[in-house]
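Asks: So that we are looking at the same thing, I have put the structure below in structure tokens.
The values are calculated or read from the model by the stated rules, or taken from the named source; none is laboratory data. Because the structure is a prediction, the values reported are computed rather than measured. In this analysis, Cβ positions are derived from the backbone assuming ideal geometry, glycine residues included, and neighbour counts consider all displayed protein chains. For accessibility, only protein heavy atoms count, side chains too; no ligands or nucleic acids. Shrake-Rupley method; radii C 1.70, N 1.55, O 1.52, S 1.80 Å.
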Amino acid sequence: MKNKIVLWSCFILMSLTSFSQSISSSPYSLYGVGSLYDSDFGYLPSVGSAGIALPSDSFINNLNPASLGFMYQNHFLFDIGGKAIATTYQSSTRSEKRNNFQFSHIAFAFPVTKNSGFAFSLRPYSSSVFKISNLKLPIADSQEFYYVSAEGSGGLNNLDFSYGYKFGKKLTLGATATVLFGNTVDQRAFLISNSITTVNKKTNYSGVRATFGAQFKIDSTFTIGTTFKVPTQVKATKVQSVTSIADEVESTIQSEQGSDTDDYYMPLEIGFGISKRFKNNLNATLDYEKSFWGDTKQSDLYGNFVNQDRFALGFTYSTKKNVRKYWDRVGYAAGISYDTGYLEVDKERVNNASFSIGLNLPIENTFSSLNVSYSYGQKGRIANDLIKENYHKISLNLSLDGIWFVKRKIE
């Protein structure tokens, strides 16, 4: 069973990665550095990405570095994931379907001492892949309009180094140092009257960010947690070319000119979570996060950044009647999530709501497992020039557990 699950998991994940060039991201990735990426480890996608209060005792919890303080000794954890998304985009005049295949993450975690653990992970932070044709926009202080066609690719990546330490038996504290890097390529054409201006721009980003977290076990069944993400400034530089065509005469305004550009600001983010386990092997997890995007005082040509609220509720269940029976060790999960969105376009929030279900398929008698989840969600709405997204997402995370430095009892 173990070999078959690992073999098929690796095959599917490699297939997803091989299709990475086919990614078709949200039209809302036109804004800023792109749409923020939901990349969660283990069974977190199955529970609506609720897990601030969950310890990293059997999987890597990327939502709170303090969870690493609860790692078991001699256990080395590895997690890799991918997902496939089928999305229908709807506007007031048309509908379009696209498929999206994405690499999600790769992560390692291991105990440093009996009271601490360390994790390393690489995952996307944002995705900026879009194609928009003839978007009609008003000219400020005028009754006239102009049209924009845009095409872009790229995004930012997270390289995370996390450490968690346990004080006594109940309290853990943790920190994550994140290195952000990447670039976006943006090609836009502006049609005003009979003049076309084309802008080709490549922007490079780099920066660092710190995250702090805490977890406290009130008792063996009840845990609370919190996270604090420090606001930071991501430096940006660009190389840009600009051409203009008017009366069939083409003029070069800029040619591969390098310069500084507006930096990208990441906001203060605060999260709170609770986790409660009941006697019948049912566990409930509830998270709330607040992101102060409005305080970054940044905006986009087509919209504004606003404060964001996110709620997530998840449940897991396993019978565990007989540990020798495979299906008695299988875990079942479900979750819902809602966030108000951090973008406001034409005074309308780009919100997001989803629900998910999943299975945790164990691999032999270890913490190793294959986590499969299905999610359905809606993003945005049909209003003015806004677009509504209906998406179906299948996530596949392979979590492997290796036991290190344990003496053999029988030689």
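Asks: Can you name every residue in segment 254-282 that is within 24 Å of T211 (Cβ to Cβ), assigned to a strand (DSSP E or B) and either open to solvent by 40 Å² or more (accessible area, probe 1.4 Å) or at pLDDT 95 or above (or both)?
Replies: Y265, E269, I270, G271, F272, G273, I274, S275
Asks: Let me ask something else about it. Inside segment 32-50, can you point out the residues that are at positive phi and open to solvent by less than 20 Å² (accessible area, probe 1.4 Å)?
Replies: Result: G34, G42, G48.
Asks: Please find, within segment 366-406, the residue that is modelled with the lowest pLDDT out of those that are of a type in the set (S, T, Y) and within 15 Å of A353 (Cα to Cα).
Replies: Y391
Asks: For segment 206-219, indicate whether the set of residues that are hydroxyl-bearing (S, T, Y) and under 30 Å from the mean Cα position of the chain (by Cα) is non-empty.
Replies: Yes, segment 206-219 contains a residue that is hydroxyl-bearing (S, T, Y) and under 30 Å from the mean Cα position of the chain (by Cα).
Asks: Would you say Y72 is surrounded by fewer than 21 Cβ atoms within 10 Å (Cβ to Cβ) and closer than 29 Å to F212 by Cβ?
Replies: Criteria met by Y72.
Asks: Among the candidates F272, F222, F315, which residue alone is free of Cβ contacts under 8 Å to residues at least 60 places away in the same chain and under 30 Å from Y374 (Cβ atoms)?
Replies: Exactly one of F272, F222, F315 is free of Cβ contacts under 8 Å to residues at least 60 places away in the same chain and under 30 Å from Y374 (Cβ atoms), namely F222.
Asks: Please find, within segment 140-162, the residue that is farthest from D346 (Cα to Cα) out of those that are touching a residue at least 12 places away in the same chain (Cβ under 8 Å) and aliphatic (A, V, I, L, M).
Replies: L159
Asks: Checking the condition touching a residue at least 60 places away in the same chain (Cβ under 8 Å) and of a type outside the set (V, I, T), which residue from G174, G168 passes?
Replies: Residue meeting the stated conditions: G174.
Asks: Can you find a residue in segment 318-328 that is assigned to a strand (DSSP E or B) and either in contact with a Phe, Trp or Tyr (Cβ under 7 Å, 6 or more places away or on another chain) or surrounded by 15 or more Cβ atoms within 10 Å (Cβ to Cβ) (or both)?
Replies: There is no residue in segment 318-328 that is assigned to a strand (DSSP E or B) and either in contact with a Phe, Trp or Tyr (Cβ under 7 Å, 6 or more places away or on another chain) or surrounded by 15 or more Cβ atoms within 10 Å (Cβ to Cβ) (or both).
Asks: Only one of S356, S399 is assigned to a strand (DSSP E or B), hydroxyl-bearing (S, T, Y) and touching a helix residue (DSSP H, G or I) at 6+ places or on another chain (Cβ under 8 Å). Can you tell me which?
Replies: Every option except S356 fails the conditions.
Asks: Identify, please: which residue in segment 185-226 is of a type in the set (S, T, Y) and outside any strand (DSSP E or B) and is, among those, least open to solvent (accessible area, probe 1.4 Å)?
Replies: So, considering only residues that are of a type in the set (S, T, Y) and outside any strand (DSSP E or B), the one least open to solvent (accessible area, probe 1.4 Å) is T221.
Asks: Another question about this same structure. If you go through segment 293-316, how many residues are open to solvent by less than 50 Å² (accessible area, probe 1.4 Å) and either of a type in the set (F, W, Y) or assigned to a strand (DSSP E or B) (or both)?
Replies: Of the residues in that region, 11 qualify.
Asks: OK, next. Taking segment 150-169 as the region of interest, how many residues are more than 21 Å from the chain's Cα centre (by Cα) and open to solvent by 40 Å² or more (accessible area, probe 1.4 Å)?
Replies: Final tally of qualifying residues: 6.
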